[in-house]
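Throughout, read-outs are computed from the coordinates displayed, never taken from laboratory work. Quick caveat: nothing in here was measured; it's all calculated off a predicted structure. Here the Cβ positions follow ideal geometry from the backbone for every residue, glycine too, while neighbour counts run over all protein chains shown.
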Amino acid sequence: MDHHISETFSRPALIRLDDHTTCVRFETMKVASALAAVRHLLQRGVIAPGDTLVDSSSGMYAHALALACHRYGLGCRIVASTTVDTTLRVQLEILGAVVDSVPPGGDLRLDQALRVARVQEILRTEPRHYWMRQYHDDIHYLGYRPITEMIRRELGEQPLTIVGGVGTGASTGALATYLRDAALDVALVGVQPFESVTFGSDHVRDPEIIIAGIGSAIPFANVRHSLYDTVHWVGFDAAQAGSIALLREHAIFAGLSTGGAYLAAGFERRLAPGRHVLFLAPDTGHRYVDAAFTRPSSALAVRDLRPHQITAPAEMRLPWSRMRWNGSPAPVPAVAPPVTTDGPPGRLPGARSRR
């Protein structure tokens, strides 16, 4: 029996769609990483009850961190993106989180940079605040280890292809790392939106980009590019088609990043029928209802979609492109500068807890 809802949310449902495809379906995926990261920091004495954890978020991580802080009796402060809607904001505030809204910067790059800058301002004046650094710290990989154990119990030792949105790299990167450490044959396929620097799609504009959470306009230090074998770049129109098809065909209501992963998973399954494909569904579709689900008749048909096969990022184009990544290093704009600190990595130089 669970003692807190965060523990329930941290475990996905594994749903077999056919003999060679499984959906790893979460209510809200980042609870797995936030809960394990907070527990690890408490066990090491890096943070203590009474401290406040702070981070920037476009939505899912904000909810995850607020739940983890509620579970362990910690304060929570979120520097919120404009994509944090009323439904989420109400939950955050009732859970006890302080929500700081940063005015829109005019584009995604500036919005993300302004939010990180605001976090650093807070740390300079609040010595008992700890920055969780969801974009930078590998500690967020830890929560996915138990999920790899679930996968091994259910699917055994067969060759696997993992498909999912990259985001900070914690989910897909962690699953591949832990399964490969167990000597499994694992291919890793990352899904990205256009306009993201992480895998070099920032030069392609998607007029309806709202696929929050799986791309970035700033470098993410905890994406390990060398883990990825293949990358799919999926635009809004293609991701919408995937999300609607997943709901229609399998009754799974999930967000746009899941729609992109469903498309990519189907393509990879056809390419390598001897492998079992797992794709990640990190959240439900509720936040995308108005934007993606209310006009199903106008959506593209999945059966008509194929990715543009490319050999370099300069060749990519909407609505869907695919390239063998082969463990290549990060593109130059995606290389994060080092974060220097005299103390623990979540605190700025000179900041110390008063316990």
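Check each of the GluC sites (Glu not before Pro) in segment 204-280 and keep only those in coil by DSSP with at most 16 other C-beta atoms within 10 angstrom; list them in order.
Numbers: sites: E208, E249, E268; in loops: E208.
Counting only loop positions with at most 16 other Cβ atoms within 10 Å, the GluC sites (Glu not before Pro) in segment 204-280 are E208.
Would you mind counting up the charge near E7? Only other residues with Cβ under 11 Å from its Cβ, with Lys and Arg at +1 and Asp and Glu at -1. Don't skip to the end; give the middle numbers.
On the way: positive: R11, R39, R71; negative: D2.
Net local charge, E7 excluded: +2.
List the cysteines in the chain whose Cβ has no other cysteine Cβ under 4.7 Å from it.
Result for the chain is C23, no neighbouring Cys Cβ within the cutoff.
What is the diffusion coefficient of segment 159-262 in µm²/s, taking the Kirkwood radius over Cα pairs and the Stokes-Einstein relation at 20 °C with a viscosity of 1.002 mPa s?
On the way: Rh = 14.0 Å.
Diffusion coefficient, whole number: 153 µm²/s.
Taking the alpha-carbon centroid of each part, what is the distance from segment 166-196 to segment 60-101 in angstrom?
With segment 166-196 and segment 60-101 each reduced to a Cα centre, they are spaced 27 Å.
Could you tell me, in Å, what Rg and Dmax come out for the Cα atoms of the chain?
Final numbers for Rg and Dmax: 19.4, 61 Å.
Jot down the per residue volume, in cubic angstrom and as a whole number, of the convex hull over the alpha-carbon atoms of segment 194-313.
Taking only Cα atoms, segment 194-313 has a hull volume of 126 Å³ per residue.
Dividing the alpha-carbon Rg of segment 31-137 by 2.2 N^0.38 Å yields what? Don't skip to the end; give the middle numbers.
Values: Rg = 13.0 Å, N = 107, 2.2 N^0.38 = 13.0 Å.
The reported ratio for this selection is 1.00.
Obtain the nm distance between the two label points defined at V289 and A312 by a simple spin-label model: each point lies 7 Å from its Cα along the Cα-to-C-beta direction.
4.7
Would you calculate, for the chain, the mean residue ellipticity at 222 nm contributed by helices, counting each DSSP H stretch of 4 or more residues as -39,500 (n - 2.57) and dividing by all residues, to the nearest 500? If you can, show how the numbers build up before the last one.
Numbers: 9 runs with 114 residues, N = 355.
Value at 222 nm, helices only: -10000 deg cm²/dmol.
Most mobile of L17, L278, L318 per a Gaussian network model of the chain (Cα springs, under 10 Å)?
Comparing L17, L278, L318 in the GNM, the peak value goes to L17.
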